[in-house]
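Below is one structure; the comments refer to it alone.
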Amino acid sequence: MKRFLTVATAIALMLAFTLAGYAKSPVVINMFVGKDQSGANQELVDMFNATHEDIQINYQEMPPSTTEQHDKYVTVLAARDSSIDVLSSDIPWVPEFASAGWLLPLDDMFTEQDEYFAGPLLGTTYQRQVYAVPWFNNAGMLFYRKDLLEEAGLEPPETFDELVEIAQKLQTPDRYGFVFQGMQYEGVVCAWLEMFWGMGGQMLDPDGKLIADEKIVAESLQWLGDLVHKHKITPPAVTTWKEAESQAIFVEGKSVFHRGWPSVYTYAQNPATSKIVGKVGIVPMVHAPGEQSAATLGTWNLSISRFSKHPKEAWEVVKFMTSHEAQKIKAIMGGNPPARRSVYTDAEVLEMYPHFQQFYDVFMGALPRPVTPAYPQMSVEAIQPQIAAVLAGTKTGEEAAPAMLKDMQRILDQAKQ
Amino acid sequence: MGAPVTAGGKTRRGKGLSESQLGRVLVTPAVIVMCAVVFFPILATVWLSLHKYNLKYPYLGQPFVGLDNYVKILSDGRFLNSLKVTTLFTVSSVSVELVLGMAIALLLNRPFKGRGLVRTAVLVPWALTTVVMARMWAWIFNSEYGVFNAILYGLGFIDQYIPWVADTQFALWAAMGADIWKTTPFMALLLSAGLQTIPRELYEASMVDGASGWKQFWSITIPILKPTILVALLFRTLDAARVFDLLFVLTGGGPGFATESLSIYTYRSLFVNLDFGYGSALAVATFLYVMLISFIYIKVLGARTER
């Protein structure tokens, strides 16, 4: 009997210690984010982990390629696997993943929507529910060589025609007029949409119905093609360029204008990589007379997986990561333009990045790509091939537009019964 | 072996298992495993391909649509393009590999000093992981720092660097180059194994009869080597027709659809479009395509070998 008691006590003690251990061990939140070269994410994770005893972030970096990230998320989420709690989502994924039922609606928790820009919120809301919190903004804008324009006594362009005119005037045999991302991939769609919107085009109505005007589609496509084949301010090699190539040309001082994302500014101002430090100006993308400048959003957001076992703790992480302080750190360390509007009036941020004032104007007019789960397929199968054909000069805008719209409609129809 | 015999000398046929029964019992676990890991997934894919099923639209359910997906495939330009890409890739790389592989095998079949070393060295590309070698070739073909550009530029063949894998015209050829580099050793290895089975006396006898080297090659080497060539071609063709990893890493199927093989399109249909019904139909179509190639090989090449 005595022996039995000893054994029982021992077991009870072991159990108690184990349970106590469990009670003390923090909830681990697996946070998956695309590769971050600035180190800001790690800094934020360390800050969070140091201040939270009960929640610890397990920070996982994904490949830098957006497509690879997407496919990895799909593999995990389609299996309803709980190994992802928090994930960074590119703006077109939000309707896609939300429609698939993989994201947690955040309406009850995400109450500070007024603090954000309108465009990113349009992109993170699907069928009247919000599925992501904007983390940092990205939108296309026009970079120009301030020094060259000033020297020639020219104002930065506002309309399509002005851009062409100035580019033709200032280009030389060693300097292109205008460079952008023209390879057949997602980036070229972002560039084209800015032209399409800038001519007054609209793609989908709020119910997701295709309402694009064929004439505007044709004109905007033709405009891109003309840059290469008629105005000759963009070389044919544009069809082999993504961000890295077009940006390298611009910071080497080999182009007057460059359509790019905000990070271009950081590269252009870095003496180690750039020959045009202090010579760069930013304006919103050009538009047709009487229309508004538009910018394609590439906002990165934070979402919570519906299969997360700790949604409450995951929200704590999202809340922390998207707080004013955190976005400020991401802005200062990584040059990532914040998603919260309040950070743009932060003296410390503005002192370091005075150009954020111009970014602010761009973001106020920025729009998400068509908000539909069908968008990724539309982009690859309907939009990209037609832009590529026009840029290569094998089709005119008028020939490409009907084909594009027909394919878009076909893909949208798949969502119907 | 007869039926088991007990100490009393009586057979125990009634109680124990007959030999064929025992055989069936022993083979059962293997059959179950094969069914679970091979036949079940294939049948499940076929079954799925008869449905409309898109993960993005869970509210549509999973309705049975018969052969609808297959009808769609036949008029799908992207599918036809991937079929063309796959066929061009397969035919071009495998034929070059066969010729080069044969040349290397013949060379290695001659005795010379350091043959063992050369034989090993030739195998190195084949030993590399495809993903690693694809990444390596991506650097070789790089438009800014690529050594391929540097060499061509240095020799004066090009006057400016060409983005080989980002250009619609060149991307597929660049991929073929990488594939040839990697798998020629495999061809060479199989063929040189085959060469070693040819008795030396045949060559000696033919030499006495005054046959030239060329004549020997066509009348002795090729006929005897034919079964080996068939196997080597079959292996390589099936591999090339299902090419995925090399293209996925080197070009990502791009630019546009310029290097989108059947396997890559299938993958994209499943993982980008999340269209599991249509994607499964594409997978089955790829399967049928590969089956067709094997069938042709065995019919055409196999029949002649038997004669």
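The values are calculated or read from the model by the stated rules, or taken from the named source; none is laboratory data. These figures come from a predicted structure and were not determined experimentally. As a convention, Cβ positions derive from the backbone with ideal geometry for all residues, glycine included, and neighbour counts pool all protein chains shown. Surface areas here come from the heavy atoms of the whole protein model, side chains and all, with no ligands, DNA or RNA. Shrake-Rupley method; radii C 1.70, N 1.55, O 1.52, S 1.80 Å.
Pairs of Cα atoms under 8 Å, at least six residues apart: use those to get the relative contact order of chain A, whole percent.
Details: 764 pairs, mean separation 106.2, N = 417.
The value is 25 percent.
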Worksheet item: Can you give me the Cα centroid spacing of segment A:85-118 and segment A:306-329 in angstrom?
Response: 12 Å
Item to complete: Compute the accessible area of each residue in segment A:236-258 twice, once for its chain alone and once with every protein chain present, using a 1.4 Å probe on heavy atoms, and list those whose area falls by at least 50 Å².
Response: A:240
Practice prompt. In debye, nearest 20, what is the charge dipole magnitude of the protein assembly as shown about its Cα centre with +1 on Lys and Arg Cβ and -1 on Asp and Glu Cβ, if you could check?
Written response: 4320 debye
Worksheet entry | Residue among B:164, A:204, B:111 farthest towards the positive dipole end of the protein assembly as shown, charges placed on Cβ | B:111
Item to complete: Quick one: among B:44, B:285, B:188, which has the greatest mean-square fluctuation in a GNM of chain B with alpha-carbon springs under 10 angstrom?
Response: B:44
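Once you list every other residue whose beta carbon is under 15 Å from the beta carbon of residue B:287, what net charge do they have if Lys and Arg are +1 and Asp and Glu are -1? Please report the intermediate quantities before stating the final value.
Numbers: positive: B:242; negative: B:239.
Result for the neighbourhood of residue B:287: 0.
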Worksheet item: For the pair residue B:62 and residue B:209, how long in nm is the line joining their label points, each one 7 Å along Cα→Cβ?
Response: 6.5 nm
Fill in: Per residue, in Å², the accessible surface of the protein assembly as shown once ligands and nucleic acids are set aside, probe 1.4 Å
49 Å²
Worksheet item: Is any helix in chain A, taking whole DSSP H runs, at least 30 angstrom long along its axis by alpha carbon and on average at least 1.0 on the Kyte-Doolittle scale, and which ones?
Response: A:2-24
Worksheet item: Would you list B:262, B:107 from the most to the least accessible area, probe 1.4 Å?
Response: B:107, B:262
Worksheet item: What is the Cα centroid distance between segment A:346-417 and segment B:266-282, reported in whole angstrom?
Response: 23 Å
Worksheet item: In what sequence, largest accessible area first, do B:35, A:190 appear using a 1.4 Å probe?
Response: B:35, A:190
Discussion item. Checking an interface number: how much accessible area is buried between B and A, summed over both chains, with a 1.4 Å probe, in Å² rounded to 100?
Written reply: 2100 Å²
Worksheet item: Do the alpha carbons of any pairs in A:72/B:56; A:209/A:242; A:254/A:275; A:406/B:72; A:35/A:330 sit beyond 21 Å of each other, and which pairs?
Response: A:209/A:242
Worksheet item: Quick one: what does P(r) look like for segment B:247-296 with 5 Å bins over all Cα pairs, in whole %?
Response: 5, 22, 23, 21, 18, 8, 2
Worksheet item: Which residue, B:179, B:68, B:76, has the most motion in a Gaussian network model of chain B that connects Cα atoms within less than 10 Å?
Response: B:76
Discussion item. How large are Rg and Dmax for the protein assembly as shown when calculated on the C-alpha trace, in angstrom?
Written reply: 31.5, 118
Worksheet item: By accessible area of protein heavy atoms, probe 1.4 Å, what ranking do A:128, B:135, A:259 get, highest first?
Response: A:128, B:135, A:259
Discussion item. At R0 = 35 Å, how high is the FRET efficiency between residue B:139 and residue A:47 if r is their beta carbon distance? Nearest 0.05 is fine.
Written reply: 0.40
Worksheet item: In the protein assembly as shown, with Lys and Arg counted as +1 and Asp and Glu as -1 at Cβ, which of these residues, A:411, A:154, A:387, has the Cα nearest the positive end of the dipole, that is, farthest along it?
Response: A:411
Item to complete: Just name one of B:257, B:143, B:216: the one whose Cα is farthest towards the positive end of the charge dipole of the protein assembly as shown (beta-carbon charges, Lys/Arg +1, Asp/Glu -1).
Response: B:216
Item to complete: Whenever you get a sec, compute what percent of the accessible area on segment A:352-397 sits on carbon and sulfur atoms (1.4 Å probe).
Response: 61 percent
Worksheet entry | Among A:244, A:294, A:388: highest mean-square fluctuation, GNM of chain A, C-alpha pairs under 10 Å | A:244
Item to complete: For segment A:97-239, give the magnitude of the charge dipole about the Cα centre (Cβ charges: +1 Lys/Arg, -1 Asp/Glu; no others), in debye to the nearest 20.
Response: 540 debye
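Can you tell me, using C-alpha contacts under 8 Å and at least 6 residues apart, the relative contact order of segment B:158-307 as a whole percent? Let's see the in-between values first.
Working: 106 pairs, mean separation 39.1, N = 150.
Across segment B:158-307, relative contact order equals 26 percent.
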Worksheet item: Just how much of residue B:31 is accessible, in Å², when a 1.4 Å probe is used and the result is rounded to the nearest 10?
Response: 70 Å²
Worksheet entry | Check: chain A dipole with +1 on Lys, Arg Cβ and -1 on Asp, Glu Cβ, in debye | 1200 debye
Fill in: Whole-percent carbon and sulfur share, accessible surface of segment B:177-264, 1.4 Å
66 percent
Worksheet, complete the sentence: Charge tally for neighbours of residue B:166 with beta carbon under 12 Å away, counting Lys, Arg as +1 and Asp, Glu as -1, is -2
Practice prompt. Alpha carbons only, please: Rg and Dmax for segment B:71-306, in angstrom.
Written response: 20.6, 67
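Give, as a single signed number, the net charge of other residues whose beta carbon lies under 13 Å from the beta carbon of residue A:90, with Lys and Arg counted +1 and Asp and Glu -1.
Values: positive: A:72, A:369; negative: A:68, A:71, A:96, A:186.
Taking every other residue near residue A:90 into account, the sum is -2.
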